[in-house]
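Report on the structure given below.
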Amino acid sequence: MIKTASLLLWGCIAWLSMGLACAAYPDKPITLVVPYAPGGMGSTFGNLMSEALSPALGQRVIVEYRPGANGGLGAALVAKAPHDGYTLLMAVNSTMAINPALYPKLQYDPLKDFAPVAMVYTSSNVLMVNAKSPFKTVKDLVDYARANPGKLNYGSSGNGATPHLSGEMFAKTGDIKINHVPYKGIGPAIVDLMGGQIDLVFSDTSALPQVAAGNLRALAVTGPSRLGIAPSLPTMQELGFQGFAIRSWYSIAAPAGTPKAVIDRLNAEIAKIVHSPRMQQRMKDVGVDPAEDTSVPYLEATTRIDLAMWKKFIAASDIKID
């Protein structure tokens with residue numbers, strides 16, 4: 001009996017060494033770490049993935065919020081987690097491509113410490129002002145900023161996030177001086193924008209309902225193309241801001257060393273979810289565009305391209321985070 005148990009144990013170890021699991025994956029709940037505070041697109045992503053992946057995998061996908069350091073704390077937590085497929089990361093361009101250029105003592109390497117799983121969707125930030133603001137167009141903002149350097153304040157979801165860098169790119173490409181006011185999440189920034197404490201915000205699409213409600217005015221989007229949910233909004237490039245193209249992307253990554261069989265299973269299920277008509281419509285309804293390519297190579301290549309792009313922009317703009 002002892003000999004039989006030993007053979008089973010060593011057989012299991014051998015299978016694990018080949019990247020396979022002894023028990024069918026998954027056989028217990030999975031934690032999806034969202035490295036931001038609840039609210040905004042992080043909550044949207046977590047809810048969509050939890051609701052869709054749980055029945056697809058036959059196990060609960062539990063969303064755990066771990067905010068801090070522009071997503072860096074949550075990313076570092078997942079990087080150090082067991083590489084068994086039971087701890088996953090909502091990996092976005094801020095954590096995977098921007099942070100390495102901003103934080104010299106980052107506690108993870110986006111290429112070495114993670115295994116890409118799948119791209120889920122992309123989006124843009126939206127330039128918004130208070131609905132009662134005198135600024136009706138982006139040109140109005142630029143004209144005022146040039147006549148009154150340093151008088152306009154823009155809010156963001158925090159230092160290093162794409163809303164912050166959208167403001168930096170706006171200032172650089174528009175040749176204007178505006179002041180950055182970082183918040184702990186996009187929600188508080190939107191509240192202050194509606195209250196008149198700040199003048200503009202580059203927000204993710206979670207604030208679009210406030211535009212529909214008449215509380216905010218949307219002027220433009222930051223991506224290379226118009227948003228499906230708001231096709232009337234021009235891109236910054238269309239308005240003459242050459243080189244202004246900031247697209248946000250949202251994906252799932254696992255700790256490096258996660259067995260290939262587990263990555264393949266997760267990727268296959270996510271691909272089915274993303275390409276399903278129901279999920280595609282749900283994504284469009286919340287203001288994001290479903291990923292056209294959910295493959296592991298595409299996510300890895302996107303990360304490398306954005307890493308190089310942001311390193312160049314942040315160095316040229318002399319952006320520093322304490």
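What is the antiparallel percent of DSSP beta bridges lying wholly in the chain, to the nearest 5?
Here the antiparallel bridges make up roughly 60 percent for the chain.
Where does each of 30, 62 land when they are ranked from fewest to most other beta-carbon atoms within 10 angstrom?
62, 30
Once every DSSP H run of n ≥ 4 in the chain is given -39500 (n - 2.57) and the sum is divided by its residues, what mean residue ellipticity at 222 nm do you get, rounded to the nearest 500 deg cm²/dmol?
Calculated mean residue ellipticity at 222 nm is -12500 deg cm²/dmol.
Return one quarter of the surface area of the convex hull spanned by the alpha-carbon atoms of region 126-221, equal to its mean projected area, in nm².
It is 5.2 nm².
Which whole-number percentage describes the relative contact order of region 126-221, with Cα contacts under 8 Å and a sequence gap of 6 or more? Working shown, then result.
Numbers: 172 pairs, mean separation 43.8, N = 96.
Over region 126-221, the number comes to 46 percent.
Looking at the chain as a GNM with Cα springs under 10 Å, which of 276, 156, 43 has the largest mean-square fluctuation?
Of 276, 156, 43, the Gaussian network model singles out 276 as fluctuating most.
Any idea what the relative contact order of the chain is, in percent, if you count C-alpha pairs under 8 Å spaced at least 6 apart?
Relative CO of the chain lands at 25 percent.
Taking the Cβ of each residue in 144, 36 as the centre, tally the other Cβ atoms inside 10 Å and list the residues starting with the fewest.
144, 36
Relative to a virtual label point 7 Å from the Cα of residue 215 in the Cα→beta-carbon direction, which members of region 229-268 show backbone nitrogen distances below 14 Å?
Nothing falls inside the zone, counting backbone N under 14 Å.
Treating only the Cα positions of region 230-322 as identical point scatterers, give the base-10 log of I(q)/I(0) from the Debye formula at each q in 0.11, 0.14, 0.26 Å⁻¹.
Computed log10 I(q)/I(0) values: -0.50, -0.76, -1.32.
Tell me which label goes with the value of semi-axes √(5λ) of the Cα gyration tensor in Å computed from the coordinates here: (i) 40, 20, 16; (ii) 31, 24, 19; (iii) 31, 27, 17.
Entry (i).
In region 126-221, with Lys and Arg counted as +1 and Asp and Glu as -1 at Cβ, which of these residues, 219, 148, 194, has the Cα nearest the positive end of the dipole, that is, farthest along it?
Going by the Cα projections, it comes out as 148.
Throughout, read-outs are computed from the coordinates displayed, never taken from laboratory work. Just so it is clear, the model here is predicted, and its values are computed rather than measured. With ideal geometry, Cβ positions are generated from the backbone for all residues, glycine too; neighbour counts draw on all protein chains shown.
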